[in-house]
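S.K.: I have a structure I would like to understand better, so I am pasting it below and will then ask my questions one at a time.
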Amino acid sequence: DYDDSPLTVSSGKPQIVRELAAGKAGRKLMVGDGASDLATRGEVDLFVGFGGVVSRAKVKAGSDVFVEVNSLAPILPLAAGPAAYIKTIGTPHQATFERGLELAAQGGLIIQPDDLRRAYAASFDKKE
């Protein structure tokens, strides 16, 4: 059976994001693979399109960042940043973080805005 919910109706996901973020400080990141996910772009600070299973041209074109590989690992360095990486050193999470950096460096993460791409590269001491 199909249930109508905010996640299944047009403009439902932006509504959910607004409700979840109401009154909370901090930046918002959304990861999605479809047009209904992309509709949240105006509600978040960074929209990451995911094309690891099915790559949709509209999502790729509308995303600030697009994941081309079938892994969410490249999102971890982007979302957490270098300070969080330092905290993972020596933990079981270090391997996942490093896998994300590796996949991103191999072209698995397409960062559209030039300023964001430069900031990401500078954060992890990588050359563009």
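The values are calculated or read from the model by the stated rules, or taken from the named source; none is laboratory data. Keep in mind that this is a model prediction, so the values were computed, not measured. Don't worry about glycine lacking a Cβ; one is built from the backbone with ideal geometry, like all the others, and counts go over all protein chains shown. The accessibility values were calculated without ligands, DNA or RNA, using every heavy atom of the protein model including side chains. Shrake-Rupley method; radii C 1.70, N 1.55, O 1.52, S 1.80 Å.
S.K.: For the subset of segment 15-33 comprising residues that are of a type outside the set (A, V, I, L, M, F, W, C) and in contact with a helix residue (DSSP H, G or I) (Cβ under 7 Å, 6 or more places away or on another chain), which member is nearest to residue 44 (Cα to Cα)? Lay out the reasoning, then the answer.
M.R.: First pass over segment 15-33, keeping only residues of a type outside the set (A, V, I, L, M, F, W, C): 15, 18-19, 23-24, 26-28, 32-33.
Next cut, in contact with a helix residue (DSSP H, G or I) (Cβ under 7 Å, 6 or more places away or on another chain) only: 18, 28, 32-33.
Details: 18: 9, 28: 5, 32: 12, 33: 15 Å.
Within segment 15-33, the match that is nearest to residue 44 (Cα to Cα) is 28.
S.K.: Which condition from (1) open to solvent by 20 Å² or more (accessible area, probe 1.4 Å); (2) under 22 Å from residue 38 (Cβ atoms); (3) touching an Asp or Glu at 6+ places or on another chain (Cβ under 9 Å) is the one that residue 118 breaks?
M.R.: (2)
S.K.: Would you pick out the residues in segment 97-108 that are exposed (fewer than 15 other Cβ atoms within 10 Å of the Cβ) and out of contact with any Lys or Arg (no Cβ under 7 Å at 6 or more places or on another chain)? Before you say what the answer is, go through the steps one by one.
M.R.: Start the filter on segment 97-108 by keeping residues that are exposed (fewer than 15 other Cβ atoms within 10 Å of the Cβ), which leaves 102, 105-107.
Listed by number, the residues that qualify are 102, 106, 107.
S.K.: Taking interchain pairs and intrachain pairs at least six residues apart, which have beta carbon atoms under 8 angstrom, with the first residue in segment 23-36 and over 11 Å from residue 50 (Cα atoms) and the second surrounded by fewer than 10 Cβ atoms within 10 Å (Cβ to Cβ) and not aliphatic (A, V, I, L, M)?
M.R.: From residues that are over 11 Å from residue 50 (Cα atoms), the pairs are 36/10.
S.K.: Take the residues in segment 58-76 that are open to solvent by less than 10 Å² (accessible area, probe 1.4 Å) and touching a Phe, Trp or Tyr at 6+ places or on another chain (Cβ under 6 Å), then tell me which one is farthest from residue 113 (Cα to Cα). Before the answer, list the steps.
M.R.: Filtering segment 58-76 down to residues open to solvent by less than 10 Å² (accessible area, probe 1.4 Å) leaves 59, 63, 65-67, 74.
Still in the running and touching a Phe, Trp or Tyr at 6+ places or on another chain (Cβ under 6 Å): 63, 67.
Details: 63: 10, 67: 14 Å.
Across segment 58-76, the extreme among qualifying residues is 67.
S.K.: Across segment 13-45, which residue is farthest from the chain's Cα centre (by Cα) among those that are open to solvent by 70 Å² or more (accessible area, probe 1.4 Å) and over 28 Å from residue 69 (Cα atoms)?
M.R.: 23
S.K.: Report yes if residue 84 is loosely packed, with under 15 Cβ neighbours inside 10 Å and in contact with a helix residue (DSSP H, G or I) (Cβ under 9 Å, 6 or more places away or on another chain), otherwise no.
M.R.: When the stated conditions are applied, residue 84 passes them.
S.K.: Take the residues of segment 46-57 that are among the hydrophobic types (A, V, I, L, M, F, W, C) and under 13 Å from the mean Cα position of the chain (by Cα): which is surrounded by the fewest Cβ atoms within 10 Å (Cβ to Cβ)? Explain how you work it out, then say what you get.
M.R.: Initially, segment 46-57 is screened for residues among the hydrophobic types (A, V, I, L, M, F, W, C), giving 46-48, 50, 53-54, 57.
Going one step further and asking which of them are under 13 Å from the mean Cα position of the chain (by Cα), we end up with 46-48, 50.
Details: 46: 19, 47: 24, 48: 24, 50: 26.
The residue in question is 46.
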